[in-house]
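Please treat every number below as a calculation from the coordinates, not as lab data. This one's a predicted model, so the numbers in the text were calculated from it and none came from an experiment. Cβ placement follows ideal geometry from the backbone for every residue including glycine, while neighbour counts extend to all protein chains displayed.
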Amino acid sequence: MSTVVDIKGLGVSFATDAGAVKAVDDVSLSVERGEVLAVVGESGSGKTVTAKTILGLLPETATTRGAVILSNKAGTAEHDVISISKKQLRSVRGTDVAMIFQEPSTALNPVYTVGWQIIEGLQAHTDISSKDARIKAVDALRRVGIPDPEVRIDHYPHQFSGGQKQRIVIAMALVLDPGLIVADEPTTALDVTVQAEILDLLRRCRDEFGMGIVLITHNMGVVADLADRVVVMYQGRVVEEADAQTLFASPQADYTKALLAAVPYVGHGTVRAAERAAARPTNWAEQPPVVEAKGLEIVYPGRFGRPGFRAVNGVDFVIRPGEVLGLVGESGSGKTTIGRAIAGLTGVTGGSLTVLGHEMNGIRERDFRPSRSRIGFVFQDPASSFNPLLTIADCVAEPLVIHGRARDASAARKRVDELLEAVQLPRAYGDRYPHELSGGQRQRASLARSLALEPELLIADEPTSALDVSVQARVLELFAELQLEFGFASLFISHDLAVVDLLADRIAVMYRGSLVEEGTGVEVLGSPVDPYTQRLLASLPVPDPVAQAERREHLWRLREGD
């Protein structure tokens with residue numbers, strides 16, 4: 001094996017108004033050809049800065065020291081990325097090292113076809129003709145599993161699903177056959193079934209093309225599934241390095257142990273469900289439901305004479321007072337549409353949906369408006385749901401002011417301080433702006449805002465999908481505590497079965513607009529009946545390389561059975 005990148009004593013600091021901030025401190029690591037090195041740690045640990053240094057993608061405010069020795073795939077040339085000129089840097093990007101970015105929607109230019117974007121990279125680094133470049137681009141799309149690549153090469157990014165866009169970004173990275181690929185959180189925003197397909201594709205890149213891969217992730221299940229070696233980073237330093245099996249079997253650093261302990265497992269929710277059940281009154285099951293759906297149908301109207309899209313088709317479910325219903329399924333299954341319909345944000349076109357005693361099929365906004373204060377909403381991305389011009393205290397006070405519970409934000413400050421303390425944020429954080437809080441802190445503030453009006457029903461739409469595993473664990477623990485304290489009913493929407501298992505009393509599985517399975521966590525996750533639920537469960541990676549290898553084989557058998 002030959003070393004494709006060798007990082008020695010890397011230090012990176014950024015110039016700010018408050019002085020230099022050290023992001024990476026004396027990091028040394030190497031990657032061999034045909035090896036997957038996973039770099040893990042929570043946000044701010046320096047893993048992404050380390051990865052971007054390999055491609056020379058740091059901003060002008062960055063100061064670097066040490067060496068990043070990058071070899072070409074043939075092993076005939078070496079470059080120190082830190083010291084080479086910009087012209088030399090452009091020549092090694094794409095040919096010696098390529099990057100797969102976290103969010104394919106922002107990595108792809110929306111105004112150009114995907115074929116044009118792949119061909120652009122080819123022609124920038126080679127003297128290939130337009131005709132041959134198109135042939136190579138079609139071949140690259142075929143290799144990453146895009147159907148009908150001869151036709152799809154002329155399509156635009158918005159015409160592809162999230163998983164397909166990630167495949168296109170991988171095709172762009174593969175087309176020049178680099179020796180090293182840097183994959184920065186390549187599966188964070190994807191459903192577990194699509195994630196499993198992307199991991200299979202990256203594994204094939206390693207095996208068929210002999211590439212080294214630097215995998216940046218906070219998902220320990222993904223690490224167990226794909227990585228050969230693991231480097232754990234904390235506050236800019238490497239705290240542990242080992243092969244994958246050794247690290248998961250016997251972690252040495254306290255931080256690594258805490259990181260692994262924070263990972264949710266399917267089956268851990270049984271005890272909590274029993275605690276919630278024990279806390280309920282004896283006549284709980286006889287109380288009228290907070291939400292009840294019977295034959296629920298939601299159709300989005302078509303445009304320009306096209307037929308409408310049926311997003312939800314004949315769904316039945318009930319949410320009783322104080323109960324948490326977990327709604328799971330992949331993108332496009334209808335989960336978020338149901339959540340929006342319950343909140344009165346999407347119209348019901350068929351069947352019946354009763355929310356807090358109101359029939360939502362045909363309801364007028366003015367009739368439902370008085371009940372809006374009884375419903376809370378936790379959004380997936382608090383950064384975009386908060387007004388960046390308002391302080392956290394003003395954002396949390398907003399529902400109180402809108403619904404007439406307080407004259408203005410200053411009058412609501414006492415209640416806001418109580419809510420911030422309830423979600424374990426210091427009162428002083430109320431005077432900060434959203435960008436001054438971390439992702440986990442913003443999500444706590446979002447929880448505080450959703451609870452401001454003491455709602456009877458809380459709709460949580462993927463509230464932890466973008467969080468680090470350690471931050472996610474704290475937010476989930478907080479959600480469970482608040483649910484017990486305030487006793488609200490909840491619809492918890494997620495594509496992560498382990499997260500839903502921790503919080504939900506019952507789990508409903510959606511697939512292409514239909515509810516295919518429903519029951520307790522023990523029933524749905526312990527012995528799933530529907531083939532889709534079985535495939536969904538097998539697609540969820542577990543933080544154990546040995547067990548994950550068995551699950552991967554089981555998933556392949558399920559796919560062959562389809």
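Farthest towards the positive end of the charge dipole of the chain, among the residues 529, 217, 347, is the Cα of 347, using unit charges on the Cβ of Lys, Arg, Asp and Glu.
Counting only alpha carbon atoms, the long axis of helix 114-125 and the longest principal axis of the chain meet at about 30°.
If you plug the beta carbon distance of residue 294 and residue 369 into 1/(1 + (r/R0)^6) with R0 = 22 Å, you get a FRET efficiency near 0.35. Loop-located GluC sites (Glu not before Pro) in segment 27-134 (DSSP state other than H, G, I, E, B) with a sparse environment of at most 11 neighbouring Cβ atoms within 10 Å: 60.
When the Kirkwood radius is taken over all Cα pairs of segment 270-542, what Stokes-Einstein diffusion coefficient follows at 25 °C and 0.890 mPa s, in µm²/s? Taking Rh from Cα pairs, D becomes 127 µm²/s. Taking the Kirkwood radius as Rh and the Cα radius of gyration as Rg, segment 283-373 has a ratio of Rg/Rh equal to 0.99. Temperature 10 °C, viscosity 1.306 mPa s: under these conditions the Stokes-Einstein estimate for segment 112-168, based on its Kirkwood radius over C-alpha pairs, is 141 µm² per second.
A straight Cα-to-Cα reach below 24 Å connects residue 257 with the lysines 47, residues fewer than 8 places away in its own chain not being considered. Of the chymotrypsin sites (Phe, Trp or Tyr not before Pro) found in segment 95-146, the ones in coil according to DSSP and having at most 14 other Cβ atoms within 10 Å of their Cβ are 112. Taken over segment 157-227, the alpha-carbon convex hull comes to 83 cubic angstrom per residue. Taking the longest Cα principal axis of the chain as reference, the axis of helix 469-486 is set at about 0 degrees. Segment 495-562 and segment 171-194 have Cα centres lying 24 Å from one another. Which of (1) 34.5, 111; (2) 25.0, 77; (3) 28.2, 101 is the computed Rg and Dmax of the Cα atoms in Å for the structure on display? Given (1) 34.5, 111; (2) 25.0, 77; (3) 28.2, 101, the structure-derived one carries the label (2). Here the dipole of segment 270-542 is about 760 debye; that uses its Cα centre as origin and unit charges on the Cβ of Lys and Arg (positive) and Asp and Glu (negative).
Determine, from the Cβ-Cβ distance of residue 550 and residue 129 and an R0 of 60 Å, the FRET efficiency 1/(1 + (r/R0)^6), rounded to the nearest 0.05.
About 0.80, to the nearest 0.05.
Shown here for segment 351-402: trypsin sites (Lys or Arg not before Pro) in loop regions (DSSP other than H, G, I, E, B) with at most 12 other Cβ atoms within 10 Å, namely 364.
When you count the other C-beta atoms within 10 angstrom of each residue and take the mean per peptide, 325-331, 456-462 line up highest first as 325-331, 456-462.
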